[in-house]
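Take a look at the structure below.
Nothing in this text is a laboratory measurement; each read-out follows from the coordinates by a stated rule. Since this is a predicted model, take the numbers as computed values, not measurements. A quick note on method: Cβ atoms are made from the backbone with ideal geometry, for glycine too, and the neighbour counts reach across all protein chains shown.
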Amino acid sequence: MQSCVDDVIDAELTKRFGVREVLSSAKLVVRAGTVHALVGENGAGKSTLVKIVAGILRADGGRLAIAGKAIDPARWTRIAARAAGVGIVQQHGASAGTLSVVENAVLGVEPIRWPLLELDETAAQLRDLGARIGLPVEPHAQTDTLSLGAAQRAEIVAALHHGARLLILDEPTAVLTPIEVDGLLATLRTLAGEGRTIVIVTHKLDEVRAVADEVTVLRAGKTVATFGSPGSAGERAHLEVAAIAKAMVGADLPVVEQLAAPPGDATEALGLDNVAVGRELTGVTLSVRRGELVGVAGVDGNGQRELALAIAGLVRCTGRVRIDGRDVSAASPARRLAAGLAHIPEDRLRGGLLLGATVADNLALGRADVTGRWLIDRAAVRRHAEARIAELDIRPAEPDALVRAMSGGNQQKVVVARELSRPGLHAVIASQPTRGVDLGAVVRIHDRLRAAASAGAGVLVISADLDELLALCHRIVVVLRGKLVGELDGAQLRNARATLGAMMTGAAASAS
């Protein structure tokens with residue numbers, strides 16, 4: 001089949017991991033100068049498909065054409081893809097944390113002025129390009145000191161600096177605040193208007209409707225639907241979100257109702273008194289009642305991470321932490337878990353999983369109630385895994401599957417399932433609990449958080465997604481520069497996005 005020269009991508013690909021087929025003749029056709037959304041449930045094969053297009057993975061069969069040129073997908077490499085103008089920003093990033101932004105940008109194409117590495121010109125180019133397209137970067141900042149959003153901006157700017165005409169973004173808004181999301185989507189439309197082609201992998205259908213010209217839906221490794229106008233680039237299509245969602249999951253999504261009222265129990269489940277972590281978190285005092293879901297909103301990097309780690313005992317802090325009235329300030333992380341704490345970390349890969357272990361073993365991590373205290377009860381571990389897999393629809397539904405081979409969303413479901421099934425829960429810290437998960441999984445995870453609260457736990461939800469907090473929480477507090485600067489509850493939460501956004505950026509204080 002001859003690819004149309006107007007198609008930047010024309011692909012039909014098959015890929016297996018072991019005996020499992022993750023792509024089965026999955027089709028993707030992307031027109032030049034458009035923003036094309038690739039959507040589907042966790043494990044549908046989206047990341048695998050775009051990694052093949054970008055040369056990171058090699059296909060087991062099928063066909064691939066880039067800008068009208070036929071390519072052998074079994075021999076396509078990252079170097080060849082970059083030379084062909086393909087740039088990719090992966091979901092968890094691909095930068096070396098110990099290097100600066102500019103050093104990461106020149107890896108493999110280092111500008112040498114013998115005998116020195118010459119970075120000043122590249123740094124200036126990165127800074128100027130970022131400013132022009134609305135994605136500011138600091139070229140000499142060390143990458144692992146940046147917020148997730150800033151690190152992502154740096155990777156996008158670096159890809160464009162290297163001449164990417166086709167830019168692939170895998171879950172680009174998962175680590176951004178609503179304000180940053182709006183800015184990024186506007187930038188993508190600008191880039192498409194300048195003639196670049198954008199492929200965005202996402203779960204968020206409001207963003208699809210806001211930015212995409214066309215949509216491809218994957219389900220179980222196959223292309224099941226396409227949406228959008230087949231006309232010329234720039235003719236935005238009217239996209240029906242309900243139809244796209246139905247194609248993704250194969251059925252209508254259940255309607256999720258907002259919480260009606262806060263709980264009547266005034267007993268404290270989680271308490272913080274003047275908790276501080278260096279300069280990042282200063283004097284936070286907060287009480288979460290039994291049965292209450294409290295949201296923490298804020299622009300990334302304002303102390304949310306330190307707040308969660310301080311409660312979990314994973315960072316040194318001053319002040320007092322209580323779980324169900326018990327002072328655990330001097331307790332180890334393990335003792336805090338034993339006291340009734342569950343912790344869903346913001347970074348599942350660094351803080352929540354053993355990637356080389358099985359689903360069953362990850363679900364049993366730190367769970368003496370499952371494994372037995374002295375000798376591991378393998379049958380009990382497997383029964384526990386089978387129950388959790390069914391509960392959250394973890395895919396593949398195989399206790400012996402390796403976690404590293406799973407999609408990011410299914411990895412997240414493993415963490416959530418382990419933490420929220422702990423016995424005797426009194427308090428839950430859920431940091432970015434639905435980051436990178438599909439619509440169906442969001443509903444299941446929210447249901448599990450609500451169930452934990454209904455059973456009497458106090459739940460603290462830290463999320464960059466204001467819509468998530470507004471749908472899930474009885475009360476929302478705002479953190480800015482390491483301090484709690486505002487709180488909304490009850491009727492105040494209706495139509496509160498603008499108010500919360502002003503608090504998050506400090507605009508509310510400036511206006512008062």
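Sequentially through the stretch 202-215, phi angles give Karplus couplings (6.51, -1.76, 1.60; θ = phi - 60°) of 7, 10, 8, 6, 5, 6, 4, 5, 6, 10, 8, 8, 9, 9 Hz, Gly and Pro residues having no value and appearing as x. Within the stretch 272-302, whose backbone N sits under 19 Å from a point 7 Å along Cα→Cβ of Thr318? Backbone N within reach: 272-286.
Report the calculated FRET efficiency for Ala242 and Glu118 (r = Cβ-Cβ distance, R0 = 56 Å), to the nearest 0.05. Mind dumping the intermediate values first?
Details: r = 54 Å, r/R0 = 0.96.
That pair, Ala242 with Glu118, gives E of 0.55.
Taking the C-alpha atoms only, the angle from helix 408-420 to the longest principal axis of the chain is near 10 degrees. Taking 0.36 nm per residue of separation and subtracting the current Cα-Cα distance, fully stretching the chain between Ala368 and Thr190 would add 58.7 nm. Each 10 Å bin from 0 upward holds the following percent of the Cα-Cα pairs of the stretch 452-512: 20, 54, 22, 4, 0.
Among Lys15, Lys51, Lys222, which comes first, then next, by fewest other beta-carbon atoms within 10 Å? Spell out each step's value before the answer.
Details: Lys15 23, Lys51 19, Lys222 16.
Least to most surrounded, the residues fall as Lys222, Lys51, Lys15.
Kindly provide the Kirkwood hydrodynamic radius of the stretch 120-190 in Å, to one decimal, from all pairs of distinct alpha carbon atoms. Provide the component values of the computation, followed by the final result.
Details: mean 1/r = 0.0802 Å⁻¹.
Taking every pair of different Cα atoms in the stretch 120-190, averaging 1/r and inverting gives 12.5 Å.
In the distance distribution for the stretch 377-489, Cα-Cα pairs more than 16 Å apart total 62 percent. Scanning residues 5 or more positions from Arg219 or on other chains, those with amide H under 5 Å from its amide H are Val224, with H placed 1.01 Å from N in the peptide plane. Got a sec? Which residues in the stretch 325-347 would a label at Asp265 touch, if it sits 7 Å along Cα→Cβ and we count backbone N under 16 Å? Answer for this model: 325-326, 340-342. Projected label points at Ser24 and Arg481, each 7 Å from Cα along the beta carbon direction, are separated by 5.7 nanometres.
Which whole-number percent is the relative contact order of the chain (Cα, under 8 Å, 6+ apart)? Computed value for the chain: 15 percent relative contact order.
For Arg350 and Asp182 in one chain, what is 0.36 nm times their gap in residues minus the Cα-Cα distance, to one decimal in nm?
Numbers: separation 168, 0.36 × 168 = 60.48 nm, distance 2.81 nm.
Stretched out fully, the Arg350 to Asp182 stretch lengthens by 57.7 nm.
Given 0.36 nm per residue, what is the gain on full extension from Ser287 to Arg78 after removing their alpha carbon distance, in nm? Working shown, then result.
Values: separation 209, 0.36 × 209 = 75.24 nm, distance 5.00 nm.
That pair, Ser287 and Arg78, stretches by 70.2 nm at full extension.
Sorted ascending by nearby beta carbons within 10 Å, beginning with the fewest, Ser421, Ser407 become Ser421, Ser407. Of all aspartates and glutamates in the structure, the ones whose alpha carbon falls short of 13 Å from that of Lys483, not counting any fewer than 8 places away in one chain, are Asp273, Glu280, Glu306.
Mind giving me the FRET efficiency for Gln492 and Arg450? R0 is 25 Å, r the Cβ-Cβ distance, nearest 0.05 is fine.
0.75
May I ask you to sort Lys204, Lys246, Lys46 by Cβ crowding, counting other Cβ atoms within 10 Å and putting the fewest first? Let's see the in-between values first.
Details: Lys204 20, Lys246 15, Lys46 30.
The order, fewest Cβ neighbours first, is Lys246, Lys204, Lys46.
What percent antiparallel are the DSSP beta bridges of the chain, to the nearest 5? If I count the DSSP bridges inside the chain, around 55 percent turn out antiparallel. Each residue of the stretch 390-404 was assigned a 3J(HN,Hα) from its phi angle through the Karplus curve 6.51 cos²θ - 1.76 cosθ + 1.60 (θ = phi - 60°); the sequence is 5, 5, 10, 6, 6, 10, x, 7, 10, x, 8, 5, 6, 5, 5 Hz, with glycine and proline shown as x. Rounded to the nearest 0.05, what FRET efficiency do Asp206 and Asp393 give with R0 = 25 Å and r taken as the Cβ-Cβ distance? Could you check? Approximately 0.60, to the nearest 0.05. In straight-distance terms, cross-link reach from Lys27 covers every one of the lysines whose alpha-carbon lies under 18 Å from its own, apart from those fewer than eight places away in the same chain; here that gives Lys15, Lys46, Lys51, Lys69, Lys222. For the peptides 69-79, 353-363, 396-406, the ranking by packing is 353-363, 396-406, 69-79, with the highest mean count of neighbouring Cβ atoms within 10 Å listed first.
Whole-Hz Karplus values for the stretch 69-76 come out as 9, 5, 10, 7, x, 7, 10, 5 Hz, taken residue by residue from phi with 6.51 cos²θ - 1.76 cosθ + 1.60 and θ = phi - 60°; glycine and proline positions read x.
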